[in-house]
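Visitor: Quick one: the structure is below, and I'll ask about it shortly.
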Amino acid sequence: MTQNNLEQSLKTDPSHFPMKLWVYTNYDCNLRCSYCVAESSPRAPRRAIDINTAQLIVDEAVELGFENIYFTGGEPFILDDIYAMLAYSMARVPTTVLTNAMLFRGQRLQWLKEIHSENLTVQVSLDGSCPEHHDPYRGAGTWQKTVVGIRTLQEYNFRMRISTTETPANSAHLDEICTFRRSLGIADEDHFIRPLAKRGFSNEGVEVSKQCLIPELTINAEGVYWHPLSTDPDLRVSAEIFPLSAALGHAKAEFSEISAVNATEMQEFQ
Ligand code: SF4
């Protein structure tokens, strides 16, 4: 939905609420990106969602009419359970998993190949067409490994999207990453570019809050939140995951209140 359409929709139907659900599967990661909003790193506490909880979340989300589920972290592919979570979800609803694409080798690649589905999209973070535009915020050598991961996913015909965070290291080179991404055979509609957000490890970027974010309900092991950009306490909707219908009700009510006075300020933030 475009911003204009959304504003129109909010005027005519203030209860409109994006039915996208995010699940933070874990917070540990093989990388420690200096802009990470989740403060993930190899040493971050895992704070994992277990497989039973993930399945209950999917069941209730489908019942409530959520149209897409996104699994994120941390690096979800650190978890041995992630394949079963994705398989369960994508059998019921279009499912996306976010990744740095650096772990697709050996047994992990084998497990991923076994769950291949047209209902699964793998969304890879790539910030540049060369290491100089990607590595400053994500770590030395990461561009090269991520591109290898993208090519591996393509070799096995996974549906793929690219997400790019605009930073001072790449903002003058966004055309180059679009050209590079097209050279990989990835379409324009499968590429998102979002600004840096001032959350987590990042001390630069745009300030975000409930007042300026169009909500996308987000779950972690500790509760339900307004948006996947942050699971800081100010964005918490509920300390209880279940019933998800209750958290959805709270978020809808708050969204109606905020959008009644603030619709023009609210943004989608990929
Ligand atoms: S931005 Fe993504 S890849 Fe980087 S540390 Fe955070 S979770 Fe890991």
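The values are calculated or read from the model by the stated rules, or taken from the named source; none is laboratory data. Keep in mind that what you see is a predicted model, and the values were worked out from it rather than measured. Using ideal geometry, Cβ is built from the backbone for each residue, glycine included, and neighbour counts are taken over all protein chains shown. In case anyone asks, the SASA skips ligands and DNA or RNA and just uses the protein heavy atoms, side chains included. Shrake-Rupley method; radii C 1.70, N 1.55, O 1.52, S 1.80 Å.
Visitor: For the chain, what does the helix formula give at 222 nm: sum of -39500 (n - 2.57) over DSSP H segments with n ≥ 4, over the residue count, nearest 500 deg cm²/dmol?
Guide: Working: 8 runs with 93 residues, N = 270.
It comes out at -10500 deg cm²/dmol, rounded to the nearest 500.
Visitor: Something else now. Can you work out the FRET efficiency for the pair Ala87 and His250, with r the C-beta to C-beta distance and R0 = 25 Å, to the nearest 0.05? Show your work: numbers first, answer last.
Guide: Details: r = 30 Å, r/R0 = 1.22.
Efficiency, rounded to the nearest 0.05: 0.25.
Visitor: Take every DSSP beta bridge whose two residues both sit in the chain, then give the antiparallel share in percent to the nearest 5.
Guide: Counting DSSP beta bridges with both partners in the chain, the antiparallel share is about 20 percent.
Visitor: In addition: Can you give the net charge of the other residues whose Cβ lies under 12 Å from the Cβ of Gln107, counting K and R as +1 and D and E as -1? Can you show the working numbers first?
Guide: On the way: positive: Arg105, Arg108, Lys113; negative: Asp80, Glu114.
With Lys, Arg at +1 and Asp, Glu at -1, the net is +1.
Visitor: State the extension gain, in nm to one decimal, for the chain segment bounded by Glu204 and Leu56, taking 0.36 nm per residue of separation less the distance between their alpha-carbons.
Guide: Values: separation 148, 0.36 × 148 = 53.28 nm, distance 3.69 nm.
Between Glu204 and Leu56, full extension yields 49.6 nm more.
Visitor: I'd like to check one number: the per residue accessible area of the range 211-261, probe 1.4 Å, reported in Å² as a whole number. Intermediate values should be presented prior to the final figure.
Guide: On the way: 1890 Å² over 51 residues.
So the range 211-261 comes to 37 Å² accessible per residue, rounded to a whole number.
Visitor: Is the shape of the range 86-237 best called rounded, prolate or oblate, per the rule: a/c under 1.5 gives rounded, else a/b larger than b/c gives prolate, else oblate, with a ≥ b ≥ c the square roots of the Cα gyration tensor eigenvalues?
Guide: Numbers: a/c = 1.82, a/b = 1.11, b/c = 1.64.
In terms of gyration-tensor shape, oblate.
Visitor: Follow-up. Looking at the range 125-164, which chymotrypsin sites (Phe, Trp or Tyr not before Pro) are DSSP coil and have at most 15 other C-beta atoms within 10 Å of their C-beta?
Guide: Values: sites: Tyr137, Trp143, Tyr156, Phe158; in loops: Tyr156, Phe158.
Passing both the DSSP loop test and the Cβ count: Tyr156.
Visitor: Please get the size of the charge dipole for the range 139-270, origin at its Cα centre, with Cβ charges of +1 on Lys and Arg and -1 on Asp and Glu, quoted in debye to the nearest 20.
Guide: Working: 12 positive and 18 negative charges, 87 e Å.
That gives a dipole near 420 debye.
Visitor: Let me check I've understood the local charge: for Lys20, count other residues with C-beta under 11 angstrom from its C-beta, Lys and Arg +1, Asp and Glu -1. What total comes out?
Guide: Values: positive: none; negative: Glu67, Glu216, Glu268.
Local net charge: -3.
Visitor: Continuing with the same structure: Can you give the local net charge around Ala169? Use residues other than it whose beta-carbon is closer than 10 angstrom to its beta-carbon, Lys and Arg +1, Asp and Glu -1. Present the calculation step by step, with values, prior to reporting the outcome.
Guide: Details: positive: Arg138; negative: Asp127, Glu132, Asp135, Glu166.
My count for the surroundings of Ala169 gives -3.
Visitor: Accessible area per residue of the range 76-198 at 1.4 Å probe, in Å²? Could you put the intermediate results ahead of the total?
Guide: On the way: 5330 Å² over 123 residues.
Result: 43 Å² of accessible area for each residue.
Visitor: Check the chain and count each lysine pair with an alpha-carbon distance under 22 angstrom, considering only pairs eight or more places apart or from different chains.
Guide: So the count works out to 8.
Visitor: Right, here's the next one. Given a 1.4 Å probe and every protein chain left where it sits, what share in percent of the accessible area of the range 61-138 is carbon and sulfur?
Guide: On the way: 1320 of 2870 Å².
Solvent-exposed carbon and sulfur of the range 61-138 make up 46 percent of the total.
Visitor: Further question: Looking at the range 78-185, which trypsin sites (Lys or Arg not before Pro) are in a loop (DSSP not H, G, I, E or B) and have at most 13 other Cβ atoms within 10 Å? If you can, show how the numbers build up before the last one.
Guide: Values: sites: Arg92, Arg105, Arg108, Lys113, Arg138, Lys145, Arg151, Arg159, Arg161, Arg181, Arg182; in loops: Arg92, Arg105.
Qualifying residues, ordered by number: Arg105.
Visitor: What is the percent carbon and sulfur in the accessible area of the range 196-259, measuring with a 1.4 Å probe over the protein chains and ignoring ligands? Before the final figure, lay out each step's value.
Guide: Details: 1200 of 2400 Å².
Taking all protein chains in place, the range 196-259 shows 50 percent carbon and sulfur surface.
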